[in-house]
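Trainee: Input: one structure, supplied below.
What follows draws every value from the coordinates through simple rules; no lab data is involved. Worth saying up front: this structure is predicted, and the values here are computed from it rather than measured. Every residue, glycine among them, receives a Cβ derived from its backbone with ideal geometry; neighbour counts consider all protein chains shown.
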Amino acid sequence: ATLYRHSCSALPSVDNRNTSYIRSAGTEQTDRPLRRCRTTSFGKLSHFFQTGGSSSINSALSDLSITGKLIVKIAESQQRGIESLAQWARNTDNAAIYDVVKNSKRLYEMLTVKELEFARHYDRSLKQLKKITDSERAVENAEKDVADLEEKERKLTKEIEKGISFFKQRRGGDVYLLKQKLEEVKIAKARAERFLSDFRAEMEVIKMYRFRDGMQGIADAYQNLAKSCQAIFNCQREIVEMVPAVSNQDVRSMIYRGTSLTRDRVEDLRRFLEHDITRSVNNSWSNIASHSNRRRSEPLHFVHRLHLDSPPPPYADSVISRKENSLQDREVPIKLISEVYLN
């Protein structure tokens, strides 16, 4: 079988004399659309990843909010990719690959759920941080009130000074009213300054609570996603090891018996994630065979899950010979998948 669909001899010959003419003519037609495409793509990316020059909390939260949106997009693309991979595996006529991809699809469905949970938790934590702007805005309003009263005090002081000046004198009643109003403004300013001092301290306390809640929420969201990813992809590594790494065996005579093992392993993981077990994934799914002298073609045995009647890997000839009589109903040729999933 040839590696390439078309041989080089079947392609038409190219006249080198016309190459420069074709290149110049094609450049004029394609240069403008390509430039427009590059400009549009760069504009979208720069708009999506713009950081801005402001150091305010609003600009920071605007950048941080991109993470949640990207996680949702990643989950969607992963789901489409694994569905396409499952479609391909269904047509491979390979029982081992189809079984592993089918269970991997379940793993990615669990991963999608965890990623969407992360996005919701992450966005909820960002909303707590956004509430800090409410506190800062309230303090700014209180500061503005004090500044307005200070401005009124300066204006009234100037009016009084003008009223008692040598060149421009006002009636005594007018000056008296201005002084009375000035005293009222001073009292209001002193009250506003005391309120600002107490209010600023109170808002600082609230700001710290909201900051703690928001930042700890972000950390918890990442930790939960990391634990879920570790459990899911540890499981994927284990079930992928059920696909034989054939070295010197005849694949046509090999039997795949990993269906029940992969199914049970994924089901255990599903229960693990649903009940939110906090024990370490490495301890719960210990790599029992990692330190043993096993061949590269040998899968990671689920020793803690196997019973005496569980089938061995399809290439452990010594064990198969002892159990093949009791396992005839569970033997499935690797090249045939139609009999595996009839149930």
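Trainee: Considering the dipole of the range 74-193 built from charges on the beta carbon (Lys and Arg +1, Asp and Glu -1) around the Cα centre, which of Leu182, Ala95, Gln78 is farthest to its positive end?
Mentor: Leu182
Trainee: Does a label point 7 Å from the Cα of Ala188, set along Cα-to-beta-carbon, have any residues of the range 136-165 with amide nitrogen under 13 Å, and which are they?
Mentor: Label zone hits: 145-156.
Trainee: Continuing with the same structure: By how many nm would the segment from Ala201 to Glu267 lengthen if fully extended, with 0.36 nm per residue of separation less the alpha-carbon distance?
Mentor: Once the chain is fully extended between Ala201 and Glu267, it gains 18.4 nm.
Trainee: Quote the FRET efficiency, to the nearest 0.05, computed for Gln87 versus Glu140 with a Förster distance R0 of 51 Å and r equal to the Cβ-Cβ distance.
Mentor: 0.35
Trainee: Moving on to the next point. Would you please give the residues with an amide H less than 5 Å from that of Glu241, counting only those at least 5 places away or on a separate chain, with H modeled from the backbone geometry?
Mentor: Hits under the 5 Å cutoff: Leu300.
Trainee: In addition: Once the Cβ-Cβ distance between His275 and Ser77 is put in as r, and R0 is 35 Å, what FRET efficiency do you end up with, to the nearest 0.05?
Mentor: Once the sixth-power term is evaluated, E becomes 0.75.
Trainee: Apply the Karplus parameterisation 6.51 cos²θ - 1.76 cosθ + 1.60, with θ equal to phi minus 60°, to every residue of the range 147-162 and state each ³J(HN,Hα) to the nearest whole Hz, in sequence, with x for glycine and proline.
Mentor: 5, 5, 5, 5, 5, 4, 4, 5, 5, 5, 4, 5, 4, 5, 5, 5
Trainee: ³J(HN,Hα) across the range 81-94 via Karplus (A = 6.51, B = -1.76, C = 1.60, θ = phi - 60°), whole Hz, x for Gly/Pro?
Mentor: Result, ordered by residue: x, 6, 5, 5, 5, 5, 5, 5, 5, 5, 9, 7, 6, 10 Hz.
Trainee: Long-range amide H contacts for Tyr256: which residues qualify at under 5 Å (H placed 1.01 Å from N, peptide plane, sequence gap of 5 or more or a different chain)?
Mentor: When sequence neighbours closer than 5 places are left aside, the close amide H contacts are Val332, Ile334.
Trainee: Using the structure shown, select from Lys162/Lys189; Lys105/Lys127; Lys69/Lys105; Lys69/Lys227; Lys186/Lys207; Lys69/Lys131 the pairs with a Cα to Cα distance greater than 27 angstrom.
Mentor: In this structure, Lys105/Lys127; Lys186/Lys207 lie more than 27 Å apart at Cα.
Trainee: Given a Förster radius of 45 Å and the C-beta distance between Lys181 and Met208 as r, what FRET efficiency does 1/(1 + (r/R0)^6) yield to the nearest 0.05?
Mentor: After rounding to 0.05, the efficiency reads 0.65.
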